[in-house]
1. Which helices (runs of 4 or more DSSP H) sit wholly inside segment 192-270 and have at least 1 residues that are of a type in the set (Ser, Thr, Tyr), farther than 17 Å from residue 83 by Cα and not assigned by TED's automatic domain parsing to the domain that holds residue 91?
2. Restricting to strands (runs of 3 or more DSSP E) lying wholly in segment 15-68: which have 1 or more residues that are within 15 Å of residue 383 (Cα to Cα)?
3. Would you mind stating whether residue 89 is within 14 Å of the ligand (Cβ to nearest atom), within 17 Å of residue 247 (Cα to Cα) and either outside any loop (DSSP other than H, G, I, E, B) or in contact with a Pro (Cβ under 6 Å, 6 or more places away or on another chain) (or both)?
4. Among the residues of segment 38-49, are any within 24 Å of residue 363 (Cβ to Cβ) and in the same structural domain as residue 159 (by TED's automatic domain parsing)?
5. How many residues does segment 53-79 contain that are within 15 Å of the ligand (Cβ to nearest atom), hydroxyl-bearing (Ser, Thr, Tyr) and in contact with an Asp or Glu (Cβ under 8 Å, 6 or more places away or on another chain)?
6. Answer with yes or no whether residue 192 is closer than 11 Å to residue 319 by Cα and either surrounded by fewer than 15 Cβ atoms within 10 Å (Cβ to Cβ) or of a type in the set (Gly, Ala, Ser) (or both).
7. Only strands (runs of 3 or more DSSP E) wholly contained in segment 291-368 count here; list those with 1 or more residues that are crowded, with 23+ Cβ neighbours inside 10 Å.
8. Which one of these does residue 82 not meet: (1) more than 16 Å from the ligand (Cβ to nearest atom); (2) touching a residue at least 12 places away in the same chain (Cβ under 8 Å)?
Amino acid sequence: MIIEFLGGCEEIGREAFLVKDGNTNVLLEYGVELQPNIKLPLLPAVKIDGLFVSHAHLDHSGMVPLIYKFQNPTLYATPATLDLMNLLLEDYIKVAGLTRGFSEYQKYDIAKMNKHFKSCSYNQKFKIGKLTAKLFDASHIPGSASIYISGSKSILYTGDINAISTYLLDYKEINYPKIDCLITESTYSEREHPNRKTEEKRFIDKITEYENGLVLLPTFAVGRAQELLLMLYSNGIKREIYLDGMAQKASDIILYYKKYIKNSDILKKVLKKVNFIRTKKQRDKIIKNGGIVVTTSGMLNGGPIVYYLKKVRNVKNTCLLITGYQAPGTPGEKILKTRYFENEENKFKVNIEVQKFDFSGHAGRKELFNLIKKISPKKVICVHGDNTKKFAMEITKKLKIEASAPKIGESIEI
Ligand SMILES: [Zn+2]
């Protein structure tokens, strides 16, 4: 079995791993790197029999329609992943058109992709040529999966994975099969998360401090937005909450796929109470009267958050609470470092309180090590991280398991 690394190596973004075994070729993910610049994975040079997508986030799924320009592989994912992907991919076309004047694929490529979809449930075995495959719940976002492939050798690719329960997702211990090779994400290989309860208290205290003002919560549309809504509700926050941008449609899809989430009844209740915002007039009214705004985009590079920030950058009793990963070079990362907002069109000083909170959907350093120990594969390959080489060296040293961190374009035979 040979694994070709087409992207997602020593970086977070453009995940793409080609698994070749005998005459069968499967592609795990075909993502896009968005931040700070668009980067695509390498194109697979063989005919693909199956394409697996672990979850809808664009760094894992963003270039999948490009494959369908040239090929017709069966697409394997959970139905929630497919619907959320459709939402994010159509938005990708729109944003790419607006910012660069072109997109690598069009709506008809997405339509073609949808035609080749095969709906997968967790823990269900299925065949692709001579390979057997299975998806396991990865607890990262609704519908997210780890991917197990077995042929002449067996591998498990974690996808983005979490190891704790959140308001949105219930973490369950999984009995993984014995495998030869683990391909693991490495997002937090160098960092521990702070205690979630302490972090949540700090977050709620900060929101309470601004109870007469405006609280801006920039967020990823899929997963984090819903987690924040549930967190606000569960902590008894009674103020008006506004949901703006793509998080609205994402919430509807997530609510539709109840079986993937923990508190679907509560989420339904929360979404009924939340005010959905669509117009500038509505936004201006909120800016005037205050409230809590949950809005895209999570790294502040677009979406309604930019409109709010521009208007309230000097307004007293306003705060910006960032709760997600901020990729290097994004406006979100810059604001945290310099208190300046900067994108292609705007640069301005932000004179409101800015705070960062960690409600990550990824396993922290300790959990990643525990996961590797538990699975105890013969070999570990580290991907999806800023410092995968260091992580691989630590795995070899601490766990006495052979580990490596390939470069883009490299192949590894297992
Ligand atoms: Zn993700």
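The values are calculated or read from the model by the stated rules, or taken from the named source; none is laboratory data. These numbers were taken from a predicted model, which means no experiment stands behind them. Positions of Cβ are backbone-derived with ideal geometry, glycine not excepted, and every protein chain shown enters the neighbour counts.
1. In segment 192-270, 196-209, 224-234 are the helices (runs of 4 or more DSSP H) which contain 1 or more residues that are of a type in the set (Ser, Thr, Tyr), farther than 17 Å from residue 83 by Cα and not assigned by TED's automatic domain parsing to the domain that holds residue 91.
2. Strands (runs of 3 or more DSSP E) meeting the threshold: 16-21, 24-28.
3. No.
4. Yes: segment 38-49 contains one or more residues that are within 24 Å of residue 363 (Cβ to Cβ) and in the same structural domain as residue 159 (by TED's automatic domain parsing).
5. Result for segment 53-79: 2.
6. no
7. In segment 291-368, 291-295, 318-322 are the strands (runs of 3 or more DSSP E) which contain 1 or more residues that are crowded, with 23+ Cβ neighbours inside 10 Å.
8. Evaluating residue 82 over (1) more than 16 Å from the ligand (Cβ to nearest atom); (2) touching a residue at least 12 places away in the same chain (Cβ under 8 Å) leaves (1) as the failure.
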